[in-house]
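To keep things clear, I will list the structure first and then write my remarks on it.
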Amino acid sequence: MLQHQIKELIQNAEPDLIAFRRELHMHPELPWEEFETTKRIARELDKLGIEYRLTQPTGIIAEIKGGKPGKTVALRGDIDALPILELSDIPYKSQNEGKMHACGHDTHTAMLLTAARVLNEVKDEIPGNVRFIFQPAEEIAEGAKEMVAQGAMENVDNVFGMHIWTVMPAGKISCEAGPRMASADIVKIHFKGKGGHGSLPNQCVDAAVVASSFVMNVQAAVSRETHPLDAAVISIGKMEVGTRFNVIAENAYLEGTVRTFSVENRDRIRDAIHRFAEYTAAMYGASATVDYHYGTLPVINDEKSSALATEVVTQQFGLDALITDRPTTGAEDFSYYTEKAPGCFAFLGTANPEADSEWAHHHGRFNVDESTLKQGAELYAQYALAYLSQNIF
């Protein structure tokens with residue numbers, strides 16, 4: 001069977017898969033700066049004879065045309081790193097000071113390239129086409145939107161992606177239907193009061209008091225205005241207030257993030273933030289300006305695509321590999337792809353104390369259990385084949 005052939009080819013490619021991941025890990029590049037990473041992927045695609053085109057300023061869209069007619073399925077992997085100093089002393093430690101693949105995008109790239117390599121070897125038997133999206137700038141939630149604008153999803157019938165996950169046991173896979181990751185918005189608020197001497201607050205409008213009151217009270221938009229079964233988060237992560245110890249602050253600048261699992265809840269909380277800011281300011285005699293920036297949409301797995309992924313996992317890795325996991329309020333710009341076609345986003349566990357791979361994502365000691373990489377590469381390939389081989393949707 002073709003599925004068994006793919007499994008054997010992935011097993012044989014494992015040494016190259018790990019070596020390529022380590023090479024990428026040593027040379028991380030930040031969002032929209034992945035020039036060398038893009039060139040490196042292109043060189044591998046050239047070796048394989050896989051057609052591709054470069055996207056601007058970075059990134060690649062490649063495609064394998066199967067030997068039989070059929071639909072087109074897209075597989076996506078992200079390629080960017082983070083501005084984080086690597087703290088682990090490993091042989092393949094980052095050589096770019098202050099930059100690190102601290103979220104596993106090096107593994108996504110290596111797994112996707114390995115899937116492309118294997119599917120290319122059996123392309124004559126594939127009923128349809130497989131598109132490979134090597135996406136830049138996921139960490140700043142800009143890459144997917146730009147890739148879509150540059151044609152990544154044109155004529156695509158279904159899309160699949162995944163994320164390596166250090167909070168889930170190594171080898172376990174989660175691919176449930178419904179909401180999987182939250183939307184991620186940025187809110188900036190400016191409160192303007194009236195400054196003056198710290199000894200005479202009665203002559204002033206203290207922006208520090210206004211801002212503090214807002215931060216405490218806006219949480220009611222979650223605790224008292226959100227349905228108890230609908231998860232939401234409002235976090236104010238930055239406050240800049242005042243200039244000197246004995247001066248009443250005239251200005252307060254706040255920045256925060258909002259996370260929800262539905263567009264309706266997102267819009268409602270956005271409206272609530274505007275209301276809380278304006279009414280709090282008015283109560284103290286100040287003014288408020290709110291800049292609400294929509295980031296990513298929630299990642300919501302299509303029911304049929306999720307069922308297909310579940311079937312692939314159980315057939316290829318066994319029922320024990322499947323795990324049910326809660327959605328995460330972390331965010332992903334994969335949602336821009338599922339706006340254009342139904343799809344599924346899976347999580348591949350890599351937590352293993354023996355491999356020291358239980359550190360949080362975005363931590364300076366983040367690492368993965370590399371024995372799981374062949375599983376991820378196979379999941380990419382087997383999902384593509386399964387989708388193209390069935391006639392359910």
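The values are calculated or read from the model by the stated rules, or taken from the named source; none is laboratory data. Here the structure is a predicted model, which is why all the values come from computation and not from measurement. Cβ atoms come from the backbone with ideal geometry, glycine included; neighbour counts cover every protein chain shown. Keep in mind that these areas ignore ligands, DNA and RNA; they rest on the heavy atoms of the full protein, side chains included. Shrake-Rupley method; radii C 1.70, N 1.55, O 1.52, S 1.80 Å.
Can you tell me which residue among 237, 143, 195 is small (Gly, Ala, Ser), surrounded by fewer than 16 Cβ atoms within 10 Å (Cβ to Cβ) and out of contact with any helix residue (DSSP H, G or I) (no Cβ under 7 Å at 6 or more places or on another chain)? Steps first, answer last, please.
Working: 143 fails: surrounded by fewer than 16 Cβ atoms within 10 Å (Cβ to Cβ); 195 fails: surrounded by fewer than 16 Cβ atoms within 10 Å (Cβ to Cβ).
The unique qualifying residue is 237.
Select the strands (runs of 3 or more DSSP E) contained entirely in the range 281-393, then report the ones holding at least 2 residues which are of a type in the set (S, T, N, Q) and open to solvent by 40 Å² or more (accessible area, probe 1.4 Å).
On the way: elements: 287-296, 299-301, 343-351.
Per the criteria, 287-296.
With 60, 64, 90, 79 as the choices, which residue is among the aliphatic types (A, V, I, L, M), open to solvent by 10 Å² or more (accessible area, probe 1.4 Å) and in contact (Cβ under 8 Å) with a residue 40 or more places away in the chain? Quick ask: steps written out before the conclusion?
Values: 60 fails: open to solvent by 10 Å² or more (accessible area, probe 1.4 Å); 64 fails: open to solvent by 10 Å² or more (accessible area, probe 1.4 Å); 79 fails: open to solvent by 10 Å² or more (accessible area, probe 1.4 Å).
Exactly one residue qualifies, and that residue is 90.
Would the range 20-39 turn up any residue that is out of contact with any strand residue (DSSP E or B) (no Cβ under 8 Å at 6 or more places or on another chain) and over 27 Å from residue 141 (Cα atoms)?
Checking the range 20-39: not a single residue is out of contact with any strand residue (DSSP E or B) (no Cβ under 8 Å at 6 or more places or on another chain) and over 27 Å from residue 141 (Cα atoms).
Given the conditions (1) assigned to a helix (DSSP H, G or I); (2) under 24 Å from the mean Cα position of the chain (by Cα); (3) of a type outside the set (Phe, Trp, Tyr), and given that residue 30 satisfies all but one, which numbered condition is not satisfied?
Result: residue 30 fails condition (1) only.
Please determine whether any residue of the range 22-43 is among the basic types (Lys, Arg), under 21 Å from residue 88 (Cα atoms) and buried (at least 20 other Cβ atoms within 10 Å of the Cβ).
At the first step, the residues of the range 22-43 found to be among the basic types (Lys, Arg) are 22, 39-40, 43.
Checking which are under 21 Å from residue 88 (Cα atoms) leaves us with 22.
Cutting the leftovers down to buried (at least 20 other Cβ atoms within 10 Å of the Cβ) gives us none.
Within the range 22-43, none of the residues are among the basic types (Lys, Arg), under 21 Å from residue 88 (Cα atoms) and buried (at least 20 other Cβ atoms within 10 Å of the Cβ).
Could you check the range 248-292 and list, in sequence order, the residues that are farther than 29 Å from residue 228 by Cβ and at pLDDT below 95?
none
Which one of 166, 226 is farther than 19 Å from residue 342 by Cβ and open to solvent by less than 10 Å² (accessible area, probe 1.4 Å)? Break it down stepwise before answering.
Details: 226 fails: open to solvent by less than 10 Å² (accessible area, probe 1.4 Å).
Exactly one of 166, 226 is farther than 19 Å from residue 342 by Cβ and open to solvent by less than 10 Å² (accessible area, probe 1.4 Å), namely 166.
Please name all residue pairs, on different chains or six or more residues apart, with Cβ atoms under 8 Å, provided the first residue is in the range 242-267 and is open to solvent by 60 Å² or more (accessible area, probe 1.4 Å) and the second residue is part of a helix (DSSP H, G or I).
250/207
Which pairs turn up if I take residues in the range 178-205 that are assigned by the TED database to the domain that holds residue 256 and without any contact (Cβ under 8 Å) to a residue 60 or more places away in the chain and look for partners that are of a type in the set (D, E, K, R) and part of a strand (DSSP E or B) with beta carbon separation below 6 Å, at least 6 apart in sequence or on another chain?
Sorted first by the residue in the range 178-205, then by its partner, the pairs are 204/194.
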